[in-house]
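Beneath this line is the structure, given in structure tokens, with notes to follow.
Any read-out appearing in this document is the output of simple, stated calculations on the displayed coordinates, not a laboratory observation. In this text, all values refer to a predicted model and were calculated from it rather than measured experimentally. Note: ideal-geometry Cβ built from the backbone for every residue, glycine included; neighbour counts use all protein chains shown.
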Ligand SMILES: Cc1cc2nc3c(=O)[nH]c(=O)nc-3n(C[C@H](O)[C@H](O)[C@H](O)COP(=O)(O)OP(=O)(O)OC[C@H]3O[C@@H](n4cnc5c(N)ncnc54)[C@H](O)[C@@H]3O)c2cc1C
């Protein structure tokens, strides 16, 4: 009997937990090291599910049933005046960040996730890989999976030249209890993923699970995402300056966002959005924003170290594929390792497959979002921009998996 091979997984969010569950079921010993001191929560954001995500969840050992999310009948677009501009049928299950997180976390045996462990650097020799943590501890294994997100410490060590590139706009996000919505707004928005187009901006919203991941009517929340052009030098810097006046790079924790910034966004919502969506924003308790980035790696494998999820590639959220791509990375990694004679061969096969997919999905999402940065874009981006500002095309292409 040989001892199982050991995988060290850095980052305990979606990508890390998909890899942990799939590697575990393929016979690996797995340990997940997460910087946060406690279970991840409160990211409250909506997630569009696709068939590939459902299949990967089942393979990861998650219990997938009718409580996965909220059924949406299709898409609709509302004009700034609140009138319906169009509707298309496109059934989908819409869920929440926390719902997927808990399904994956519950599928993993107790004791496999180690919180409050921040990776500092990695050392490798021919036969093993070691993670050195901020607390001075060292863990050694056969494989290290970097699922440590947009600001990956692992990527910084092995590919420091690969950096997120700001897309020129931010996504404001928020949630409100569905029971707080007026009857008219509820009836207009409840059964569909809804869009509202304003010049160079895009609002969308849909129902997601409520607290405790409850998906029954009355217990759900309405989730909005409002994309707004925001110039890097001026406005973005202002948004990323926290309550204590400290500037942040790339991301800012929702509780550090200044009230003035949120108040300004709320005033703009009253002025610019259809009344139904303005109401959603008004009722959302603590809206927050995320700047939108593209991230493209040229390599994913470095000896016994491999990048997955947002650490590897980030496509703008318009194709609604972040979590599905993280799941696809985990499936491709585990299959490549199972089929290869050595770990290095397996990682090379994974890299070849997922680098091609990563570039394709980033390009597709960039095209879907081009109209949000149209003034600064290339000629090709301006053509794409005009196309994706058409409600009919928008409703058929946003958050739909592309066929490559
Ligand atoms: C506005 C917006 C909307 C989105 N909408 C969707 C959608 O509809 N559908 C969809 O599928 N996806 C969506 N996404 C994307 C999705 O959230 C991510 O792609 C997905 O969660 C995969 O993330 P990840 O696990 O790779 O990284 P992350 O979730 O960023 O996790 C990285 C983890 O690593 C930990 N970490 C970081 N550094 C260290 C370290 N040094 N040591 C230890 N731990 C560390 C962090 O604490 C974190 O928990 C959206 C994203 C945005 C910004």
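Quick check: from the Cα gyration tensor, does the stretch 8-105 come out rounded (a/c under 1.5), prolate or oblate?
On the way: a/c = 3.50, a/b = 2.03, b/c = 1.72.
Verdict is prolate for the stretch 8-105.
Suppose R0 equals 30 Å. What FRET efficiency, 1/(1 + (r/R0)^6) with r the Cβ-Cβ distance, do residue 151 and residue 211 give to the nearest 0.05?
Values: r = 29 Å, r/R0 = 0.96.
Efficiency, rounded to the nearest 0.05: 0.55.
Mean separation of Cα pairs under 8 Å and 6+ residues apart, divided by the residue count of the chain: what relative contact order is that in percent? Numbers along the way, then the final one.
Details: 861 pairs, mean separation 79.1, N = 404.
Reported relative contact order: 20 percent.
Angle between the Cα long axis of helix 322-339 and the longest principal axis of the chain, 0 to 90 degrees, nearest 10?
20 degrees
At 7 Å along the Cα-to-beta-carbon direction for both residue 64 and residue 249, put a label point, then send me their distance in nm to one decimal.
Distance between label points: 3.8 nm.
Can you work out the FRET efficiency for the pair residue 270 and residue 344, with r the C-beta to C-beta distance and R0 = 60 Å, to the nearest 0.05? Intermediate results must be reported in sequence, preceding the final value.
Working: r = 57 Å, r/R0 = 0.96.
E between residue 270 and residue 344, to the nearest 0.05, is 0.55.
Would you list the P(r) distribution for the chain, with all Cα-Cα distances sorted into 20 Å bins from 0 and each bin expressed as a whole %?
27, 58, 15, 0
For a Förster distance of 35 Å, can you work out the FRET efficiency between the beta-carbons of residue 282 and residue 380, rounded to the nearest 0.05? Don't skip to the answer; put the middle values down first.
Working: r = 38 Å, r/R0 = 1.09.
Rounded to the nearest 0.05, the efficiency is 0.35.
Put a dot 7 Å past each Cα toward the Cβ at residue 36 and residue 128; how far apart are the dots in nm?
For the pair residue 128/residue 36, the computed spacing is 3.1 nm.
With a/c under 1.5 counting as rounded, go ahead and sort the stretch 200-314 into rounded, prolate or oblate using the C-alpha gyration tensor (a ≥ b ≥ c being the square roots of the eigenvalues; past the cut-off, prolate if a/b is larger than b/c, else oblate). Please report the intermediate quantities before stating the final value.
Numbers: a/c = 2.01, a/b = 1.31, b/c = 1.53.
Verdict is oblate for the stretch 200-314.
Report, in degrees rounded to the nearest 10, the 0 to 90 angle that the Cα long axis of helix 97-107 makes with the longest principal axis of the chain.
30 degrees
Enter the angle in degrees (range 0 to 90, nearest 10) between the Cα long axis of helix 343-368 and the first principal axis of the Cα atoms of the chain, meaning the one along which they spread out most.
Helix 343-368 sits roughly 10 degrees off the main axis of the chain.
Can you give the relative contact order of the stretch 1-106 as a percent, counting alpha carbon pairs under 8 Å and 6+ residues apart? Walk me through the numbers before you get to the answer.
On the way: 150 pairs, mean separation 30.1, N = 106.
Across the stretch 1-106, relative contact order equals 28 percent.
Under the rule a/c < 1.5 gives rounded, and otherwise a/b versus b/c splits prolate from oblate, where does the stretch 262-382 land using the Cα gyration tensor?
Details: a/c = 3.53, a/b = 2.21, b/c = 1.60.
The shape class here is prolate.
Give me the distance in nm between label points sitting 7 Å out from Cα along the Cα-to-Cβ direction at residue 237 and residue 29, one decimal.
Taking the two extended label points, one gets 5.1 nm.
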